[in-house]
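Novice: The structure's right below; bear with me while I get my questions together.
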Amino acid sequence: MCGIFGYVGNKKAIPIVLEGLKTLEYRGYDSAGVAGISQGKTLFYKDKGKIGHLAKLLEKKRLEVEAAIAHTRWATHGKVNSLNAHPHFDAHETLAIVHNGIIENFQKLKSDLVAQGIAFVSETDSEVIAQLFAFHFQGNLKQTLLKILPLLEGSFAIAGVHRNFPKDIFVACKNSPLAIGVGESEYFVSSDVNGFLKYTNKVIFLENHEIGLIQPSGLKIYNEKGEIVAKQTESITSKIEEISKLHYPHFTLKEIYDQPESINRLFKNRFEEEFGAICLKDMGIDEETFMETSRILILACGTSWHAGSVGAYLFESLSRIPTQVEISSEFRYKNPIVMKDTLVIAISQSGETADTLAAVHELKAKGAKVIAVCNREGSELSRLSDHTLFIQAGPEIGVCSTKAFTNQVVLLSLLALHLGRMHHLSKEEGIHFIREIKKLPGLVSEVLSCADEIHVLAKKYNHFTHFFFIGRSYMYPTSLEAALKLKEMSYIHAQAYPAGELKHGPIALIDSNCPTVALFGNKHTFSKLLSNMMEIKAREGPILAFAPRGFDEVSSIVDDVFWLPDTCDEFASIPTSVALQLFSYYMALERGCDIDQPRNLAKSVTVE
Ligand code: AGP
């Protein structure tokens, strides 16, 4: 997804903004560009390709500017080419802007400007902001912004420079985050606070409809009426973690191997084992919230929705609380019915997913209490929600989520056990589940130690172009996640189904060219899944099973089996998912895919 970075201060601006863009690379992008003002002229470089390519261009012709804006583009409107890359300008290049979001009424605005004789050069929606600004500009940045911003429908985070104000940057946002880092007589602008944590942990978050004018002498924030707004500077406590691949060939593999440690981070001071109780005091949620909860509503997208779907099984099984899981992009347009005492849990690794943010806004408007399950401090979701439970997975750079997924599921498991012990779980049951959940880091390490075996399986199955992933109970949402991983990493089509559903149509696709990956990590439904295997075998469908050790009869039916360490059904999705993350990783490796930044994908989907 697009990333914005800007700098105002006394250092050389271009190296700072290039360095800032590098911290935003994880979001996924296809083009990059920078701009600044020098001697009354708007100077810029932009092109499709990576930031390294842009840096090389800039080595040839340095931009000596005192304030600079920069952008990584993830294409929404218009092909991937240099014309559509940001920054965008007006016809006379009096200003440059960079934009994150979607201007939904850009066609109307564009045709009105074209009717006034204004020539556009790009296919993007973003260019209309620059053209509109120049059309209305009469010398005052703030007044111009107050005039044009209400005309823009949709979402935007904007940073811009104008040739009349060479040392300044102007910013604005609506439903797309923008953070301002406050340094010693210098300011940073970024889509993500991690972009400037190296320089300052003092941050001001721009709210919807606010405008910022940033000069070396200071920062002024105005509301939509043009009145000065006194903003609190917040301090970000998380340290900029060393973001490096270490000895791994990909961030994704490093993050898969991080999982024993990242899961353990969640367990620190968490268990009161003698009472079979989970301690969540550090998360700052009042117990009344939990005591009053009679329904749970989970909102998320993608992998986070899969984690929420595992969570739903956990809440209903361990806490006996009716739980509804919703895909944010669908839910937000449902005019949702929010019952009293509903605990809303919004799950988002990035905390910036536009659909989940919009769904939460809708729920807040209906008076719901929202708990965020998130991985990034200072994210929009964590600031929008009543409480945030941080999954403590550490920075996840690979676009395909791995350790965030398992930490989301583990956190939801802890929450479900906590709620369960409040309602009906006995002390003995609590002690049992605590003993089981504490084993997870070791079980994951055991799976990781068999990576070579999984690589062999990936080599054997790599030539297939279609897969089914099936499972029952907890293994169904686990199969959804496993199928997504294969699609994302290797571009192979994969479809997940509840195993019992195959016979209701999809089995028409089963033949010797369409393997099924069967997830057996659910003892409760084991025999039923075996029957499903027979149905597939009868139609010559190859089967690759991931099954807990001890279920020996599986190997007499399937073509290949990867033996998993055994655990209770409730927590089986964790070792199973790690094995399937490795399977997808090696399938993609064999196919030579760009594993950390797969084509078309973004780490943080900040547009609808
Ligand atoms: C996960 O591998 C994908 N990159 C994607 O489905 C992701 O989970 C989804 O976009 C939600 O992101 P979030 O958790 O940051 O909200």
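The values are calculated or read from the model by the stated rules, or taken from the named source; none is laboratory data. Please read these numbers as outputs of a predicted model, since none were measured by experiment. Here Cβ is always computed from backbone atoms with ideal geometry, including for glycine, and neighbour counts include all displayed protein chains.
Novice: So, in region 315-343, of the ones that are at pLDDT 95 or above, touching a strand residue (DSSP E or B) at 6+ places or on another chain (Cβ under 7 Å) and outside any loop (DSSP other than H, G, I, E, B), which residue ends up nearest to the ligand (Cβ to nearest atom)?
Specialist: Ser328
Novice: Separate question: Residue by residue through region 574-605, note down the ones that are within 16 Å of the ligand (Cβ to nearest atom), farther than 20 Å from Tyr257 by Cα and surrounded by fewer than 20 Cβ atoms within 10 Å (Cβ to Cβ).
Specialist: Hits for region 574-605 are Arg599, Asn600, Leu601.
Novice: Could you say whether any residue in region 399-409 is more than 16 Å from the ligand (Cβ to nearest atom) and on the phi < 0 side of the Ramachandran plot?
Specialist: no
Novice: Scan region 512-535 residue by residue and report those that are of a type outside the set (A, V, I, L, M), part of a helix (DSSP H, G or I) and touching a strand residue (DSSP E or B) at 6+ places or on another chain (Cβ under 8 Å).
Specialist: Result: Lys523, Asn532.
Novice: Test each condition in (1) of a type in the set (Asp, Glu); (2) within 16 Å of the ligand (Cβ to nearest atom); (3) over 29 Å from Leu412 (Cβ atoms) for Glu608 and report the one that comes out false.
Specialist: Condition not satisfied by Glu608: (3).
Novice: Just wondering, is there one or more residues in region 452-459 that are more than 17 Å from Leu589 (Cβ to Cβ), away from the ligand (no atom under 13 Å from the Cβ) and either modelled with pLDDT under 95 or surrounded by fewer than 20 Cβ atoms within 10 Å (Cβ to Cβ) (or both)?
Specialist: No, that holds for no residue.
Novice: Right, here's the next one. In region 460-493, which residue that is among the aliphatic types (A, V, I, L, M) and within 16 Å of the ligand (Cβ to nearest atom) is nearest to Glu255 (Cα to Cα)?
Specialist: Step by step, filter region 460-493, then rank; the result is Met489.
Novice: Would you please name the residue that is farthest from the chain's Cα centre (by Cα), looking only at residues in region 359-375 that are within 20 Å of Ser309 (Cβ to Cβ) and part of a helix (DSSP H, G or I)?
Specialist: In this case the residue turns out to be Leu363.
Novice: Restricting attention to region 564-573, does a residue exist that is within 16 Å of the ligand (Cβ to nearest atom) and crowded, with 23+ Cβ neighbours inside 10 Å?
Specialist: Checked region 564-573: at least one residue is within 16 Å of the ligand (Cβ to nearest atom) and crowded, with 23+ Cβ neighbours inside 10 Å.
Novice: To continue, here is another question. Under 22 Å from the mean Cα position of the chain (by Cα), at pLDDT below 90, surrounded by fewer than 18 Cβ atoms within 10 Å (Cβ to Cβ) and under 22 Å from Ser122 (Cα atoms): is that true of His77 in this structure?
Specialist: yes
Novice: Can you name every residue in region 112-138 that is surrounded by fewer than 13 Cβ atoms within 10 Å (Cβ to Cβ) and not hydrophobic (A, V, I, L, M, F, W, C)?
Specialist: Gln116, Gly117, Gln138
Novice: Here is a further query. Could you check region 350-370 and list, in sequence order, the residues that are within 9 Å of the ligand (Cβ to nearest atom) and either more than 27 Å from Glu396 (Cα to Cα) or free of Cβ contacts under 8 Å to residues at least 60 places away in the same chain (or both)?
Specialist: Gly351, Thr356
Novice: Hey, another quick one. Give the residue that is farthest from the ligand (Cβ to nearest atom), with candidates limited to residues of region 378-398 that are under 13 Å from the mean Cα position of the chain (by Cα) and charged (D, E, K, R).
Specialist: Glu380
Novice: Does Thr289 meet the test of being under 28 Å from Met475 (Cβ atoms) and not small (Gly, Ala, Ser)?
Specialist: no
Novice: Give region 26-35 a look and list any residue that's part of a strand (DSSP E or B) and either modelled with pLDDT under 95 or closer than 18 Å to Asp192 by Cα (or both), or say none.
Specialist: Ser31, Ala32, Gly33, Val34
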